[in-house]
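Read through the structure below, which is laid out as structure tokens, and then see the notes.
The values are calculated or read from the model by the stated rules, or taken from the named source; none is laboratory data. Computed from a prediction, not measured in an experiment: that's the story for all the values here. Reconstructed Cβ throughout: ideal geometry from the backbone, glycine too, with neighbour counts over all protein chains shown.
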Amino acid sequence: MTRELKFRAWDSIANEMYEAFELKDFTGGLAEHIIYLQFTGLKDKNGKDVYEGDILKAHGIVAWNDLEHRWSAIDLNWNDKREWHDIDYLTSPFEIIGNVYENPELLSN
């Protein structure tokens, strides 16, 4: 399976997200205040690209699961079992409601 390899970047000094950059666009060197977020290859129910760090309504935060080697959603409440949910197999169409950098208030639920 091939997918488009692209990133977006969060600038923690400017508090700004730069959308849909390709890796080749980041040739100026890595800055400590820039956080690079990878595209998962998926889109939400509204056709919006899903990146790591996105928050999915009723499902959690999108992250790479190193143990399973796949994109997963981490429950915002971190249930007792500490389960990850494979976003390829979520039972309902998911929707992005924000991301951990631009919408940290969504993490306090």
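Things to note:
- Residue count, segment 1-28 (criterion: of a type in the set (Gly, Ala, Ser) and at pLDDT below 60): 1
- Considering residues of segment 40-77 that are in contact with a Gly (Cβ under 7 Å, 6 or more places away or on another chain) and under 13 Å from residue 95 (Cβ atoms) only, the residue surrounded by the most Cβ atoms within 10 Å (Cβ to Cβ): 62
- Close pairs from segment 6-18: first in contact (Cβ under 8 Å) with a residue 12 or more places away in the chain, partner of a type outside the set (D, E, K, R) and surrounded by fewer than 12 Cβ atoms within 10 Å (Cβ to Cβ), Cβ under 8 Å, at least 6 apart: 6/23; 7/23; 11/33; 12/33; 13/33
- The residues of segment 52-93 that are at positive phi, assigned to a loop (DSSP other than H, G, I, E, B) and modelled with pLDDT of 80 or more, listed by number, are 53, 58, 69.
- Residues of segment 38-57 satisfying the condition of being hydrophobic (A, V, I, L, M, F, W, C) and touching a Ser or Thr at 6+ places or on another chain (Cβ under 7 Å): 50
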